[in-house]
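A single structure is presented below for examination.
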Amino acid sequence: MTQKKIGRPRAFDKNEALTAAMKVFWIKGYDGASMKDLTSAMKINSPSLYSVFGDKHALYLASIDNYTKNNPASPLVIFESEPNIEKAIRAFMKAALDSATKNEFGTLGCFLSSSVATTAGVVDGVQEKLKTAILEADARLVKRFEFEKQNGVLASDFPSEERARLMFDLRQGYTFRARAGLKSDSMENDLSFRVKMVLGE
């Protein structure tokens with residue numbers, strides 16, 4: 001009798017699978033996302049999910065990490081890539097506004113503020129990841145401001161840390177307003193004013 005060979009599990013892209021899982025968590029929430037929802041979206045079977053990612057809790061934490069590290073549309077990435085600091089701040093705000101009002105999936109805003117924040121203190125490990133994400137965002141904003149200070153673009157006494165936190169908090173405000181049903185037109189009209197606030201003009 002010929003012994004039947006056991007087939008190797010189908011290869012899949014881990015980042016793509018995590019992004020698919022993140023979308024499910026974003027739309028349905030942590031509690032509302034079933035294993036069937038997740039495996040269907042990720043296009044893998046349950047044994048593969050458990051083998052690679054562990055249980056649902058571990059998958060949720062991994063999807064948070066994947067989002068914070070591999071999101072090319074992040075306002076932070078756009079802020080860092082624009083050479084002109086004033087345009088960079090405006091681009092950051094515009095990207096945050098677009099995320100809050102024109103999301104392709106999930107609820108309005110970013111995954112962290114719209115979904116992850118609601119499970120902080122409820123799902124083990126989430127509060128720590130959320131805190132780390134906020135502090136890392138602050139640090140990246142500060143780094144850019146400090147670079148501009150060193151190059152004489154910003155004044156030497158420019159309060160980098162305070163303005164970095166202001167930018168982050170203004171970003172989250174867009175999400176709150178958008179989810180309340182406020183129109184994007186009025187928020188977009190405020191962009192120039194908000195840029196001046198950050199620059200201290």
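The values are calculated or read from the model by the stated rules, or taken from the named source; none is laboratory data. Source: prediction; values computed, not measured. All Cβ positions, glycine included, derive from the backbone under ideal geometry; neighbour counts span all protein chains shown. Areas reflect the complete protein model, heavy atoms only, side chains present, ligands, DNA and RNA absent. Shrake-Rupley method; radii C 1.70, N 1.55, O 1.52, S 1.80 Å.
In the range 20-45, what residues are open to solvent by 50 Å² or more (accessible area, probe 1.4 Å) and of a type in the set (S, T, N, Q)?
Passing the criteria: Ser40, Asn45.
Could you check how many residues of the range 40-63 are more than 16 Å from the chain's Cα centre (by Cα) and under 23 Å from Ser114 (Cβ atoms)?
8
Kindly evaluate Arg144 against the criterion of being touching a residue at least 60 places away in the same chain (Cβ under 8 Å), in the same structural domain as Phe79 (by TED's automatic domain parsing) and not small (Gly, Ala, Ser).
Working: touching a residue at least 60 places away in the same chain (Cβ under 8 Å): yes; in the same structural domain as Phe79 (by TED's automatic domain parsing): yes; not small (Gly, Ala, Ser): yes.
For Arg144, the condition - touching a residue at least 60 places away in the same chain (Cβ under 8 Å), in the same structural domain as Phe79 (by TED's automatic domain parsing) and not small (Gly, Ala, Ser) - is met.
Tell me which helices (runs of 4 or more DSSP H) are completely within the range 23-100 and hold 3 or more residues being of a type in the set (A, V, I, L, M) and not assigned by TED's automatic domain parsing to the domain that holds Thr118, or say none if there are none. Talk me through it step by step, then tell me what you get.
Working: elements: 35-42, 46-53, 56-69, 75-81.
The qualifying helices (runs of 4 or more DSSP H) are 35-42, 56-69.
Identify, please: which residue in the range 142-159 is under 18 Å from Ser81 (Cα atoms) and among the polar types (S, T, N, Q) and is, among those, least open to solvent (accessible area, probe 1.4 Å)? Walk me through it before giving the result.
Within the range 142-159, the subset under 18 Å from Ser81 (Cα atoms) is 142-151, 153-154.
With the extra rule that they be among the polar types (S, T, N, Q), the set shrinks to 150-151.
On the way: Gln150: 149, Asn151: 94 Å².
Going through the qualifying residues, I end up with Asn151.
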